[in-house]
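For reference, the structure is listed below as structure tokens.
Taken together, the values in this text are just the output of simple stated rules run on the coordinates, not laboratory data. Quick caveat, the model's predicted, so the values are computed rather than measured. All Cβ positions, glycine included, derive from the backbone under ideal geometry; neighbour counts span all protein chains shown.
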């Protein structure tokens, strides 16, 4: 069933639905890319998904692949472009499942990893992420240490070694499963971040609240990284603004004082 918010129809869980997950995808005029991701979901038919919420951050036609999805789809259309955190916070308002899944449009799904990621769940787990692979199969830079100015300099010089499990402070937000109760408890994403570092901020606040973040080693997705800040001055400006917000935030300094740099 397709629900488009332009018709002002509220989504309701299906009768007898034991769904565990709600998926949120935001398209920024990326119809073809989103269509490929929806095609993966239609092919894999992942278990436990009750609904997919597709946010159109710019006016565009719906991907044709939406018709093949085996679960409810709700479309949110923005009257103006909004940031990453704001869009997913708005989608979360329509989430009625225990887990909220954020998928970037530039992902390629190679297996049904969603419910399987919850098999070894600990009650303290709040954010889970599969292994993220580059298109060529190399591990992506998706498990990260606390981002200090020194860490940023090392990253700019090309050092992108993924953090070891005991060192992870921050899971990159291109593909994460978020416990809905934890997300609500910390107030979701901080919408002062328009783009970049909102995932780092969320991870720090969740851990400061007593929850845990963790990578699932036996699940993987492929990420065709866009790295827009390398090519666009506007994205670079957003990136720098987010870095300043992050380093000046109370969450950053509370976490820094509790955990310290690694």
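Using a Gaussian network model on the chain with a 10 Å cutoff between Cα atoms, which of 63, 46, 149 fluctuates the most? The residue that fluctuates most here is 149.
Extension gain, residue 167 to residue 122: 0.36 nm times the residue separation minus the Cα-Cα distance gives 14.4 nm. Summarising the label geometry, the points placed 7 Å from Cα in the beta-carbon direction at residue 232 and residue 60 lie 1.1 nm from one another. Between the helical axis of 233-248 and the longest alpha-carbon principal axis of the chain there is an angle of about 60 degrees. Remark: relative contact order (the chain) = 21 percent; criterion is Cα-Cα distance under 8 angstrom and separation of 6 or more residues.
Overall, the anisotropy analysis places segment 41-98 in the oblate class: the square-rooted eigenvalues a ≥ b ≥ c of its C-alpha gyration tensor yield a/c not less than 1.5, with a/b not exceeding b/c.
Computed extension gain for residue 181 through residue 258, at 0.36 nm per residue and net of the alpha carbon distance, reaches 25.4 nm.
In plain terms, the residue of 150, 238, 253 with the fewest other Cβ atoms within 10 Å comes first and the most crowded comes last, giving 150, 253, 238. Most tightly packed first, judged by the mean number of other beta-carbon atoms within 10 Å of their residues, the peptides 71-82, 103-114 read 103-114, 71-82. The stretch between residue 44 and residue 81, if pulled fully straight at 0.36 nm per residue, gains 10.3 nm over its current Cα-Cα span.
Between residue 218 and residue 2, the simple label model (points 7 Å from Cα in the Cβ direction) yields a spacing of 3.8 nm. Residues 148, 97, 143, arranged from fewest to most other Cβ atoms within 10 angstrom of their Cβ, appear as 148, 97, 143. Three principal axis extents describe the C-alpha atoms of segment 2-259; from largest down they are 50, 41, 36 Å. Helix 198-208 axis versus longest C-alpha principal axis of the chain: approximately 70°, rounded to the nearest ten. Rounded to the nearest 10 degrees, the inclination of helix 31-44 to the longest alpha-carbon principal axis of the chain is 70 degrees. Restricting attention to the chain, close to 30% of DSSP beta bridges with both partner residues there are antiparallel.
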